[in-house]
Amino acid sequence: MSFLNAALAAGALAFTIPLIIHLFFRSRFKRVDWGAMHLLESVLRVNRRRMQITNWLLLLLRCAIPILLALCLARPVLTGFRALAGDAPKTLVIAVDDSRSMSVTPPGQPSRMQQAKAQLETILGDLSRRDEVILIRGSRPGAVATKMGVADASTALRKVTAQAGPVSIGQLIESAVAAASEATHARRQLLIVSDFQSDAVGTSSLETAQNVAESFRSDSESKLNRPVIDFLNVGGDSDTLSNVSIDSISVDSPVVVAGRSGVFAATIRNDSDLAARDLRLVWAIDGQPLEPRTVSIDPRSTATNRLTHTIPQSGMHRVTATIGKTDVLPSDNRRSVAVEVMREINVVLVDGRPSNQALQGQADFLAIALSPFAFGGDDRPDPVNATVVSERRLEKTLEETDARVVILADVGRLSESARDSLAQFVHSGGGLVVFDGPDVRPALYNQPWGKGPNEFRFAAPLGEVIGQTDRNQVDAAAAFTIDTPPRIYEPWRVLSTGEANPLSDVRVWAYRDWGSEESSSAKADDSLGGAMVLLKTNGGEPLAIKSAVGSGSVIQFAIPGNDSWTNFPLRPIFLPMIQQLVLELAGKRAEPAVDVGQPLVISQNDWPPLTKVTDPDARKSYWVQPPDGEESELQPENDNDSLRLTSTFTPGTYHFRKTAVSAGDAKQRESVHTLRIVEVPPSESVLVDVNEERLQKLTEALDASVYRTADSLRSADRTRSFGREIWRWLWAALVAALVAELWLQQNLVSRRASQEAAV
Amino acid sequence: MQILDFIKPKDLSRVARLQVLAREIVEGYCSGRHRSPHKGFSVEFKEHRQYVQGDELKNIDWKVFGKSDRLYIRQYEEETNLRCTLLVDQSGSMNYTGTRSVDALSKRDYAVRLSAAFAYLMLGQQDPVGLITFDNRPRREVPQRSRPSHLRPLLEALVADATDRETDLGGVFRKITPKLKRRGLVVIVSDSMGDVASIAKSLAALRANKHEVIFFQLLDPDEVEFPFAGRVQFHDLEHRLGEQTVDAASIRQAYLDRLAEHNADLQEACRRNRVDLIPVTTDQPFVDVLHEYVSARRRVVR
C-alpha cells in the first residue's frame, strides 16, 4: 500500500488525543462509602463486562476516527491490485467507430460521436506529456497509424466525423492491435470506442477477437507486455429511437434517355414503432427540387415512392430524394444516385442476308423493333438509333459511331479483324447480340474471337439445327413452345403480368442446338456454361443466353431475328422484349452510387467524348472536387488507365473534370465533366444494439471490459496502473465510526445526561 | 442519657400522644388496653353462654334468667398489655450517611431515634418493651420491662456497638425467634439489605409464633434514587466487596431496576405473611413517619 498524500497520514497520530483524555479521566473518580452494596453487587456482576466492552468500543471508535480521517486525506492505494507499471509512459491506441450510426442524436442529448469525443477528451486529459496516442478510424482500417502527442490527438479527434459505412468491431480491434505493435512504449492500452451495433459485432468479429486473444497467448513477448483492451460503449437504447431513412434510390428504367421519361424509385424505411404520417418527400434532379410529395409509412415497414421524370440533357445527373423529418439520424433522410442520361443509343445491326423485299432481310424485324417511331413516321424520337450494315462495313461503322450494342443477325462470315474489333468492343463494355439463322456456320462462332486480353469464346458452342427449317413444311403440332422468361432477368420482368406466360402464343419450329450435355443441364438451373438462360422451350432447351465478357455482355439466340424459324417477331411481345434487352445492354455503365470508403474508378469510356480537342497527343489533366473540399488534381497511373480515387470517406457528390489541351495549340483546350455519388449503406440506418450475450463473448475472448463513461474507465485504469484507491472505503468506515460513536454516546452519555436532568 | 438527647421536646410531645394498639389479640401479664384471649373482669361485654355445671354462680345473668327462665353466664373480654420487642439493625450498611437525610443522620442514627421514639411510645402506654440489636447475629438484648425507667437501658443498648459487620437478616431473625417466648409485637428497623427469600422465611417463622410484626425498611434517599454521575468508587461499608470503580450513570438504571425488584420481593413477602412494611427514607422526619403510621393503624384497628 502506498499513499498519494503521504504527509497527511501523519495526522493519524491524532488518535492519541482521545486516548490521553481517556487515561486522564480514568484516574479521576469520586469515592463514596456505600451501604447498599448488596444491590450494587448483582448489578455490577451483570453489567461490568458489557460496560467494559462499551467503553473500550467507544475508546476504539474515538481513536479510529482521527486515524480514518488522516488516511482518507492521505489517499491510500492498494498496490496489490496493480497490473501495470504505474508511472511508466504508455501508448493509448484509440480506435473510433466513425460509422453513421455514431451520429445518432438521442432526444435531449448530444450525438453519440459528440459524447464519445467528450469522454475521450476526459481520458486524454489524464495522460501525461510522455504518453503517446495513436488514433484509428473505423472507416480507414488500412491507414498508416500515426503516433502523436496528447494535444495533437485531441485536435485530430475533433476532426473525426461519423459518416462512414458499417464498421466491423473485429476489424477495428485488428487495426488497433496492429497499431499497438508499432507503439513506442511497452505499456499499451487499446480503447475501442463504438456504439456497438448488432451488425458491427458479427460472427467474424468474434472470430477475430478469438484470433487476437490466441496470438496474445502464443506470443511470449505479447504475454509479458500484453496490451490492455477496453471498450467504451456510447450506444444503447437504440430500440427506443425512431428513425426514418431513405434506404435506396433505384432507376427502374433500363436506361434513361434524354428527353424520354425515366422511372426512379425511392425505398423509404420507417424504423420506429409509430407510423410516420404525411412525410414530405422532395425529389431533386441535380439539386433542383421538384414538386414536394406526401408519403405515409406504417411502423417498422418500408414504402416505395416512384418518380417518372424526363431529363432533357444527356450526361451524368444526380437524382436526390429527401425526407423532411426531424429524427435521431437526419443524415440518412437524403440519398442520391448518379444517373447516366444518354442522348440516344446507337445500335449497329449486321444483316447476314439483306433483302430488297420488305421484311425479308434477317435484320428487318429487329430494325423495326428498335426504332418503331421512325418506322411508323412518328416525330417522337426513338431511344435507339439502329443502323443496318453488312458484315463488310461493320468495322468502319464501329469506328465512326459510338455504338453501344451490335446485333449480328444470321451472320455467317466475319473477317478476323472484324471479330477482333467486336471482341475489343465487348471487352470495353459493349453489348453483342447474336441471332441464329440459316447462314450461320458453327465453326465461326465456336472459335475464339479476339486476341490477347480481349479474346473470348461464346458461352454456348453451336451445334446442329433442330426442327423444321422450311417454313412451308411446318407441322404446327411439332412446333416448340417457349417457357415464361425467368424473373431474374430484370428487363423482361415488366413484361410478365401475373402468372400468364407472355410467350404462350409464340411457336418455334427450328432452333440451334447448343451442345447436348450443357444444354441438358440448363433444364435444371437456368444457366448454361456460366451464362444466364433468358429463354427456353417448354422442353427446357435453351433459346437465349446471356454471358458476361470483360466489361460487356454477349447474348446468344438459338433462333433467328426474323420469322423464318419462328413466329416470335410477329408477336406483339417481340418489340418490347428487344427494346428492353437493348436498353439493358446499353445502360449499366456507371454504378449509381458507391459505398462510402470504396474506391471510385472512372475509365476513359466513362468520360463524355471530347469534341474540340481530338488531338491524340493532347495533354490531359484530371481534377476531382469532393463534397467537402477544394478541387484537386488526380493522376492516372498511365495516360489511358482508369482514374482511381480511394479517399471517398465523405458521402456526397464527387465532381470530376477532364481537361485536354491540344499539343499544338495551348490555347485550344476543352473540359468535360462527370460525377459520382458516394453514399452510406442503408444498413447504418437500422439501429439495433448488439445483444449482451454477444458483447460478453467478445469481452471475455479479449479479457476486456466495457465501460459506459470515461470516469469508470479512468477509475479502472488507475486501479490497473497504480492499484486500487481505497479512500472511499475509508470514508465509509469513517462515517460508520462517527455514527457508531454517536449512537454509543446516545446510549451512554445522553441518557446519562437526561437522567441527571431528571434527578 | 435521656430521651431528649434523641428526640426534640416538641416531637416528644407528639409521640406521647400516640398509642399503638395491638391489631391482633395479645397476651400480657397485666391488664392493659389490648384485647386478651382470656375472659376476665373487665368492662367489655363479650357474649352470653348457657350455664353448665361447674360455672360460678356469680357469673349467672339473673336478668336474663328472669326473662327467659334459662341460666346464662355473662362473659367479659379481658384486656391485657402488649409485649413489644424492637429488633434494630446495627450492621455496616446502616452507617451510610447521605447528603439529604434529616440532620445529616446516618441510617443507623435515624434507626436509633426511631426506635427510641417507639420505645418511649410503648412505655408511655405501660406496655413492656424489649430490644435486640443485631448485625450478622444478635448483639445486645434488653429484656421487656414496662416501667418508665426502662427507657434508659434501652437507649444505652441502641447507641452502643457501632459495628461495620455485614448483615444477615434471615439468619439473625431465625436466632431471635426462639427467644420471643410470648406472643407480642415485633418491630424491625432495618435497611433490609439481604436475601429476601431468607428474610421471608424468618418473617414466616415470627408470624407462626403469633407475633405481630412491623417492618420499618429504612433507606437513604441516595439509595433510592442513586444520584451519582461520572466515575465513582463505591467503598463497601460492610467490607465484603471492597472497592468498585464504575461509571455511575451507566449502571444507574440497572441499579434502580434491581432496587425495585428487591422492594417488590420484600413487599410480596410481607404481604404474604401479613407483616406491616413501612418504607422510610432518612429525609423524612421520623416522628412524622411514626405519627402517620400509628394514626393510620389506630383507625384500621378500631
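Worth a mention:
- Unique match (being over 17 Å from the mean Cα position of the chain (by Cα) and on the phi < 0 side of the Ramachandran plot) among A:Val201, A:Val150: A:Val150
- The sole residue among A:Val328, A:Val348, A:Val282 that is modelled with pLDDT of 85 or more, surrounded by 18 or more Cβ atoms within 10 Å (Cβ to Cβ) and in a strand (DSSP E or B) is A:Val348.
- Residue in region B:127-148 that is more than 14 Å from chain A (Cβ to nearest Cβ) and at positive phi present: no
- Any chance B:Leu123 is over 23 Å from B:Arg240 (Cβ atoms) and within 14 Å of chain A (Cβ to nearest Cβ): no
- Residue check, A:Leu120 more than 14 Å from chain B (Cβ to nearest Cβ) and either touching a helix residue (DSSP H, G or I) at 6+ places or on another chain (Cβ under 6 Å) or assigned to a helix (DSSP H, G or I) (or both): yes
Here's the yes/no breakdown for (1) within 16 Å of A:Ser42 (Cα to Cα); (2) crowded, with 16+ Cβ neighbours inside 10 Å; (3) without any contact (Cβ under 8 Å) to a residue 12 or more places away in the chain; (4) facing chain A (nearest Cβ under 7 Å):
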residue: B:Glu238; (1), (2), (3), (4): yes, yes, no, yes
residue: B:Glu243; (1), (2), (3), (4): yes, no, yes, no
residue: B:Val246; (1), (2), (3), (4): yes, yes, no, yes
residue: B:Asp257; (1), (2), (3), (4): yes, no, yes, no
residue: B:Ala260; (1), (2), (3), (4): yes, no, yes, no
residue: B:Asn263; (1), (2), (3), (4): yes, yes, no, no
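- Hey, B:Val88 touching a residue at least 24 places away in the same chain (Cβ under 8 Å), more than 17 Å from B:Asp191 (Cβ to Cβ) and away from chain A (no Cβ under 14 Å) or not: no
- For region B:213-231, the candidate set comprises residues that are facing chain A (nearest Cβ under 8 Å) and in a strand (DSSP E or B); within that set, the residue that is modelled with the highest pLDDT is B:Leu219.
- No other residue among A:Leu39, A:Leu57 is in contact with a Leu (Cβ under 7 Å, 6 or more places away or on another chain) and under 29 Å from A:Leu8 (Cα atoms) apart from A:Leu57.
- Members of region A:53-71 found to be more than 13 Å from chain B (Cβ to nearest Cβ) and out of contact with any helix residue (DSSP H, G or I) (no Cβ under 8 Å at 6 or more places or on another chain), listed by number: A:Leu60
- Every condition in (1) buried (at least 24 other Cβ atoms within 10 Å of the Cβ); (2) touching a Lys or Arg at 6+ places or on another chain (Cβ under 8 Å) holds for B:Pro128 except the one numbered (1).
Residues are listed down the side, and each one gets a yes or a no for (1) assigned by TED's automatic domain parsing to the domain that holds A:Leu713; (2) in contact with a Lys or Arg (Cβ under 8 Å, 6 or more places away or on another chain); (3) of a type in the set (Phe, Trp, Tyr); (4) buried (at least 17 other Cβ atoms within 10 Å of the Cβ):
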position: A:Leu69; (1), (2), (3), (4): no, no, no, yes
position: A:Arg75; (1), (2), (3), (4): no, no, no, yes
position: A:Val96; (1), (2), (3), (4): yes, yes, no, yes
position: A:Val104; (1), (2), (3), (4): yes, yes, no, yes
position: A:Leu124; (1), (2), (3), (4): yes, no, no, yes
position: A:Ile134; (1), (2), (3), (4): yes, yes, no, yes
position: A:Ser139; (1), (2), (3), (4): yes, no, no, yes
position: A:Ala153; (1), (2), (3), (4): yes, no, no, yes
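- Any hit, region A:8-20, residues being among the small types (Gly, Ala, Ser), over 26 Å from B:Val224 (Cβ atoms) and in contact with a strand residue (DSSP E or B) (Cβ under 7 Å, 6 or more places away or on another chain): yes
- Test: residue in region A:72-93 that is under 30 Å from A:Pro681 (Cβ atoms) and away from chain B (no Cβ under 11 Å): yes
- Checked against (1) in contact with a strand residue (DSSP E or B) (Cβ under 6 Å, 6 or more places away or on another chain); (2) outside the structural domain of A:Asp470 (by TED's automatic domain parsing); (3) surrounded by fewer than 20 Cβ atoms within 10 Å (Cβ to Cβ), A:Ile602 meets all criteria but (3).
- Qualifying residue in region A:10-19 (condition: surrounded by 14 or more Cβ atoms within 10 Å (Cβ to Cβ), part of a helix (DSSP H, G or I), out of contact with any Leu (no Cβ under 9 Å at 6 or more places or on another chain) and more than 11 Å from chain B (Cβ to nearest Cβ)): yes
- Residue identified as within 11 Å of another protein chain (Cβ to nearest Cβ), outside any strand (DSSP E or B) and closer than 15 Å to B:Gln233 by Cα among A:Arg28, A:Arg50: A:Arg28
- In a residue-by-residue description of region B:163-170, the property of being more than 14 Å from chain A (Cβ to nearest Cβ) and surrounded by fewer than 24 Cβ atoms within 10 Å (Cβ to Cβ) applies to no position.
- Verdict on A:Ser547 being modelled with pLDDT of 85 or more and either over 28 Å from A:Gln473 (Cβ atoms) or out of contact with any strand residue (DSSP E or B) (no Cβ under 8 Å at 6 or more places or on another chain) (or both): yes
- Residue within region A:629-647 that is touching a residue at least 40 places away in the same chain (Cβ under 8 Å), among the charged types (D, E, K, R) and crowded, with 18+ Cβ neighbours inside 10 Å present: no
- Total residues in region A:662-678 satisfying the condition of being over 21 Å from A:Met342 (Cα atoms) and surrounded by fewer than 17 Cβ atoms within 10 Å (Cβ to Cβ): the figure is 7.
- Residue check, B:Phe234 within 12 Å of chain A (Cβ to nearest Cβ), assigned to a strand (DSSP E or B) and buried (at least 19 other Cβ atoms within 10 Å of the Cβ): yes
- Among the residues here, B:Asp191 qualifies as among the acidic types (Asp, Glu), within 18 Å of B:Leu259 (Cα to Cα), within 16 Å of the chain's Cα centre (by Cα) and within 14 Å of chain A (Cβ to nearest Cβ).
- Residue that is nearest to the other protein chains (Cβ to nearest Cβ) [pool: residues in region B:172-185 that are free of Cβ contacts under 8 Å to residues at least 40 places away in the same chain and in contact with a helix residue (DSSP H, G or I) (Cβ under 7 Å, 6 or more places away or on another chain)]: B:Arg174
- Positions within region B:99-119 being in contact (Cβ under 8 Å) with a residue 40 or more places away in the chain, more than 14 Å from every other protein chain (Cβ to nearest Cβ) and not hydrophobic (A, V, I, L, M, F, W, C), in sequence order: B:Arg113, B:Ser115
The values are calculated or read from the model by the stated rules, or taken from the named source; none is laboratory data. Quick caveat, the model's predicted, so the values are computed rather than measured. Glycine gets a Cβ as well: all are built from the backbone with ideal geometry, and neighbour counts include every protein chain shown.
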